[in-house]
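Coordinate-derived values only; no laboratory data. Just so we're clear, the structure is a prediction, and the values are computed from it rather than from any experiment. Cβ placement follows ideal geometry from the backbone for every residue including glycine, while neighbour counts extend to all protein chains displayed.
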Amino acid sequence: MSTKNESNHIPEEIDLFNLRAAISKAINNAIMNTFLFFKKNSYRLLFLLIIGGALGAAADYFLKSYVAEIVVNSNFTSNDYLYSRVDLLNNHFIQNSKSELPISNYKKFTRIEVEPVIDVYSFVSNTSSNAANNAQNSQNFEMLKLMSEKGDINNIIKDEVTSKNYYFQQINVFSKDKVEEKDINSVITYLNKDAYFDSILHLNISNIKERIIKNDSTIAQIDKLIQSYTTSIARGDANVMFKNDNSEVNSLITQKKELISKIDEDKLSLISQNKIIKENTVVLNKINNKGIANKLKFILPILFIFLFLFISYIKRLNQKSQKA
């Protein structure tokens, strides 16, 4: 019985051995054929590599394009306004519209894009004392917290809905030739043309200036009071209620410090909020490396070699089909 079982296992062991041998032989043949193919065609492949690199470098040189990067922030509105204005302008460039634009050298531009400057920490932890801003930051934090429970946080912070809520946004203006600062400034000016938000802008600036004047006046009054109290105490006037208790004077000093801090914030606001779309940094005429731009020197050699291998493979299949 045992002899019969052993004899039944022998063919299976032989089949497995033959299968392993066949696979090993096929792998060795494939490696050898590949080696022989590359050895036989080494000069052709090297020639394609050099030609592809040279043609790619020439194409990169003659098809060179530039990009101006502008970091901005939106005031008095969400970034939806910025995105809609950029889309409107971008459609003009892409469609090569013949209508005139009030933009300097706009025919040099090929397209315009806007993308967020991702800064999650500023998104949820703005230290501004403004109650509205703090309330918005709290909402942003709760939104991220809720969304992160339902998906990957890395995808969420780059999501289109989230992206439009980042404070800083980057406008990329692509051009065929180098541009000047006045050209980019005219793009910013065009993006800032909106009657409704322009009226809000001027009202806001007027309010800030008026608030600074009032706070300066209050500080001057506080200084006079403190000086009066100090003089009276120095004279030994017994009628002065602050002679033995300086808590009121300390309160005035604290109030003065708070007003000075508010004035400093308002002065910064006059700088950062003097436009609807406020540019912060501008970098002109960077070489465009987005997509396949400026990468043809690497793409063409790979493409030529791939086509050569593909054509060689088709020829080999054709030869085998003719022999069959």
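Extension gain LYS164-LEU36, at 0.36 nm per residue separation less the Cα-Cα distance, in nm? Write down the numbers at each step before the final one.
Values: separation 128, 0.36 × 128 = 46.08 nm, distance 5.63 nm.
Gain in length upon complete extension: 40.4 nm.
Please give the length that would be gained between SER206 and ALA26 if that part of the chain were fully extended, namely 0.36 nm times their separation in residues minus their C-alpha to C-alpha distance (nm, one decimal).
Difference between extended and current length: 56.5 nm.
Any idea how far apart SER217 and PHE62 come out in nm if each label point goes 7 Å out from Cα toward Cβ?
Taking the simple label geometry, SER217 and PHE62 are separated by 7.1 nm.
Just tell me which lysines come within less than 27 Å, Cα to Cα, of LYS224; anything on the same chain fewer than 8 places away is out.
Of all the lysines, those that pass the test against LYS224 - Cα under 27 Å, at least 8 places apart if same chain - are LYS209, LYS214, LYS243, LYS256, LYS257, LYS262, LYS267.
For a label point 7 Å from the Cα of LEU307 along Cα→C-beta, name the residues of segment 48-65 whose backbone N is under 14 Å from it.
Residues 48-56 qualify, since their backbone N sits under 14 Å from the label point.
Amide H neighbours of VAL179 under 5 Å, counting only residues 5+ apart in sequence or on other chains, H built in-plane at 1.01 Å?
Amide H neighbours of VAL179: ASN285.
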